[in-house]
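Participant: Let me give you the structure first, and then I'll get to my questions.
The values are calculated or read from the model by the stated rules, or taken from the named source; none is laboratory data. Treat the numbers as computed from the prediction; the structure is a model and nothing was measured. Quick reminder, even Gly has a Cβ in these numbers, built from the backbone with ideal geometry, and neighbours come from all protein chains shown.
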Amino acid sequence: MARAVRGQRRQEILETLARLLEEQPGAPITTAQLAGAIGVSEAALYRHFPSKARMFEALFDFIEETVFSRANRILAEDLPPPDKVGQTLTVWLAFADRNHGLANLLQGAVLAAEHERLRGRLAQLYERLETHLRLILREAVLKPQAPAPRACAQLLLAAADGRVAQAVRTRFRSSPLSDWPEQWQLLAAALFPDPAA
């Protein structure tokens with residue numbers, strides 16, 4: 001029973017941190033603020049996490065688990081590579097659309113005053129997504145004028161990340177998914193031959 005309560009408190013801490021990230025985009029969040037929002041002492045936070053950095057790392061774990069569990073299922077499906085790429089990017093955008101606080105975290109401003117390893121962890125997450133896209137693109141037939149798979153993956157990730165940045169900048173008045181199907185069609189038409197041709 002004590003373990004269940006402990007797990008619930010950890011979850012409450014992470015959910016509250018994500019909510020504060022949504023309410024105060026880009027602003028540093030102190031453990032005093034977090035403890036106050038939950039209604040516990042700062043010492044109580046440290047019974048569940050040894051540091052604030054570990055709290056952020058737990059959020060990154062959640063992002064990776066959520067996004068890549070779905071992205072790996074897409075990778076395993078019997079779909080043409082362009083569909084796999086499009087669906088993978090849509091998973092990324094849909095995650096940001098449903099998790100505004102975590103989308104703010106993905107933009108990195110809140111990490112400016114945090115431990116350097118957190119900025120490294122953010123970079124690692126983006127590198128992992130780029131590698132995932134590159135893996136799909138290596139199996140794809142690209143148009144002759146299209147750049148190499150690595151450059152294509154960078155371009156596609158930049159487009160998707162730009163959609164998230166735009167949503168964060170507008171405080172989500174503009175969804176990361178707004179007009180994405182049409183934008184994806186344009187990107188896909190530039191990189192992949194027409195399957196009907």
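Participant: So LYS52 fits all but one of (1) over 24 Å from ILE136 (Cβ atoms); (2) modelled with pLDDT of 95 or more; (3) touching a Ser or Thr at 6+ places or on another chain (Cβ under 6 Å); what number is the exception?
Facilitator: Against the list (1) over 24 Å from ILE136 (Cβ atoms); (2) modelled with pLDDT of 95 or more; (3) touching a Ser or Thr at 6+ places or on another chain (Cβ under 6 Å), LYS52 comes up short only on (2).
Participant: Could you list, in sequence order, the residues of the range 107-127 that are closer than 12 Å to ILE63 by Cα and touching a residue at least 60 places away in the same chain (Cβ under 8 Å)?
Facilitator: ARG121, LEU122, LEU125, listed by residue number.
Participant: Report, ordered by the first and then the second residue, all pairs with beta carbons closer than 6 Å, sequence separation of six or more or different chains, a first member in the range 164-181 that is under 13 Å from ALA94 (Cβ atoms), and a second member that is assigned to a helix (DSSP H, G or I) and of a type in the set (D, E, K, R).
Facilitator: Pairs found: SER175/ASP97; PRO176/ASP97; PRO176/ARG163; LEU177/ASP97.
Participant: Among the residues of the range 20-52, what is the count of those that are under 26 Å from the mean Cα position of the chain (by Cα), farther than 20 Å from ASN99 by Cβ and of a type in the set (S, T, N, Q)?
Facilitator: Count: 3.
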